[in-house]
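The block underneath contains the structure these notes are about, expressed in structure tokens.
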Amino acid sequence: MRGETFRRVVQAIPAIAFAVVIVAEGGLVFALGVVAVGVVCMHELYRMMRRARPIDLAGFLALAALCLTALYGRRSQLVMVLAFSLLVTLLLALVRKRRRGVAWGIAATMLGTVWIGLAMAHAVLLRQLPHGGALVLDTLIGTFIGDTSAYFGGRAWGRRPLAPRISPNKTVEGLICGIAGGAFAFWLFGLAYQHEWFHGTDRLVIGLAVACVAPLGDLFESLVKRDLGVKDTGRLFGAHGGALDRLDAVLFSAVAAYYVSVAVLR
């Protein structure tokens with residue numbers, strides 16, 4: 001177990017450094033960095049769903065448009081971009097001059113747009129909030145510490161399966177440990193950096209939201225992979241899977257962190 005944990009940490013170092021740099025820079029640098037990460041995740045998804053023949057270019061364009069709209073536009077305009085992305089997907093599908101399987105290709109493309117594109121756009125929205133850099137880092141730390149806590153808690157005390165048909169190794173005990181560890185990590189990180197604007201109750205509320213929603217992202221990706229008969233989405237992190245495997249929880253927790261932060265930080 002120690003050797004596996006060490007490998008996970010070593011393989012994650014470049015990703016951690018990349019995240020710290022773009023979060024610290026913010027603005028266009030952060031948005032473009034998020035787009036790059038989103039393209040990798042979306043490529044992994046579309047590769048898994050290749051039998052449905054998704055229109056990759058339409059998904060990539062929608063991802064970039066959503067993130068840049070989150071940066072330069074208003075949140076309400078994301079709906080307009082999402083609607084327009086469906087039209088672009090349809091037009092690119094017609095360019096292919098295919099008559100059969102077009103509906104499946106459009107559906108697969110829009111899954112990536114909604115699941116990955118909207119989540120990445122909300123990460124940009126979160127970074128744009130006052131003290132957004134700290135909020136993004138808090139969210140990442142809470143999500144990943146929660147996942148680690150769930151892993152070790154499940155190994156140590158796991159008895160009752162959480163969702164055996166989706167992910168047989170996940171347990172109720174692991175889920176509880178993950179929620180507790182993620183919420184505490186979010187709260188502790190804010191305390192350690194003495195955010196005068198970030199009161200303890202606010203940290204706890206946002207951290208709890210992040211820690212509760214993150215496992216849903218993990219289960220969602222597990223459901224998709226199981227349905228497609230795939231173990232890992234890629235090999236970017238070696239034996240520990242691809243980018244989508246590492247960020248599945250963040251795709252849900254970033255959205256939750258944004259809306260809860262907007263609600264409680266006034």
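What to note about this one:
- Top-ranked residue of the stretch 190-208 - restricted to ones that are part of a loop (DSSP other than H, G, I, E, B) and surrounded by 16 or more Cβ atoms within 10 Å (Cβ to Cβ), ranked as modelled with the lowest pLDDT: HIS195
- Every residue from the stretch 225-248 that is within 16 Å of the chain's Cα centre (by Cα) and part of a helix (DSSP H, G or I): LYS225, ALA243, LEU244, ASP245, ARG246, LEU247
- Scope the stretch 158-175; condition part of a helix (DSSP H, G or I) and surrounded by fewer than 16 Cβ atoms within 10 Å (Cβ to Cβ); matching residues: VAL172
- Unique residue being over 20 Å from ALA19 (Cα atoms) and of a type in the set (A, V, I, L, M) when the list is VAL210, VAL260: VAL260
- Condition met for THR148 (crowded, with 22+ Cβ neighbours inside 10 Å and among the hydroxyl-bearing types (Ser, Thr, Tyr)): no
The values are calculated or read from the model by the stated rules, or taken from the named source; none is laboratory data. The shown structure was predicted, so the numbers you read here are calculated from the model rather than taken from an experiment. Cβ sites come from the backbone with ideal geometry, for glycine too, and all protein chains shown count toward neighbours.
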